[in-house]
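Read the figures in this text as sums done on the coordinates, not as results from a lab. Because the structure is a prediction, the values reported are computed rather than measured. Cβ placement follows ideal geometry from the backbone for every residue including glycine, while neighbour counts extend to all protein chains displayed.
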Amino acid sequence: MRSQAHEHGHGGCWGHARGGPHPRGLRAAFGPFGPPFGADGPFFGGRGRGRGGPHSRARRGDVRASILALLADRPMHGYEMIREIAERSGGAWKPSPGSVYPTLQLLEDEGLISSASEGGKKLFSLTEAGRAEAESGPEAPWEEAGRGIDWEALSEIRKAGTGLLEAFRQVWATGTPEQREKALAVVNDARKRLYLILADED
């Protein structure tokens, strides 16, 4: 039997400093990577991290083409580009800083964009060569990311995923150790059943 300190301590599987489920508990329930797409991921109504889910539908070349297309409108900061792409794609694609900023550096090295410091941040704009490159490319490359996505189904997935995670959090935050064990068993069983659907097994 676990001690009271172990069950509610910061290092224990059951405890959490913020009152929610400990990451170890989430991994136990949802597998080694935690809840699908992360607790803050797009399918659970959170911020998303620019990868996984519908965001991953964008091709690698889209980042470069999208930056050039955005800067053809006006100079922007890096974070503005990320936000603009997310908004213009209808939420289908939000590139990560890890893909945007290296691409900006590459475009600057190629002489297609230039940067100037503004309030401690870099403001990027097209050079003449960059404007010519942008004009020869697609006007809205981010639109490709949202094609083929069933937005109604995606909304239902988000609702179902959010409901499951909130119910699990509630049991984890207020339940007894025995109730938490039962919650783990329910989620583990659901996860196995979902994989069986892909395997076409009963």
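A compact table of results
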quantity	calculated
Rough spin-label spacing in nm, given labels placed 7 Å along Cα→Cβ, for LEU106 and HIS77	2.5 nm
Gain in span if fully extended, LYS159 to ARG193, counting 0.36 nm per residue against the direct Cα distance	10.3 nm
The range 103-191 - convex hull of the alpha-carbon atoms, volume per residue in Å³	210 Å³
At R0 = 35 Å, FRET efficiency that the Cβ-Cβ distance of SER117 and GLU143 yields, to 0.05	0.60
Burial ranking of peptide ranges 111-120, 155-164 (average Cβ count within 10 Å, highest at the top)	155-164, 111-120
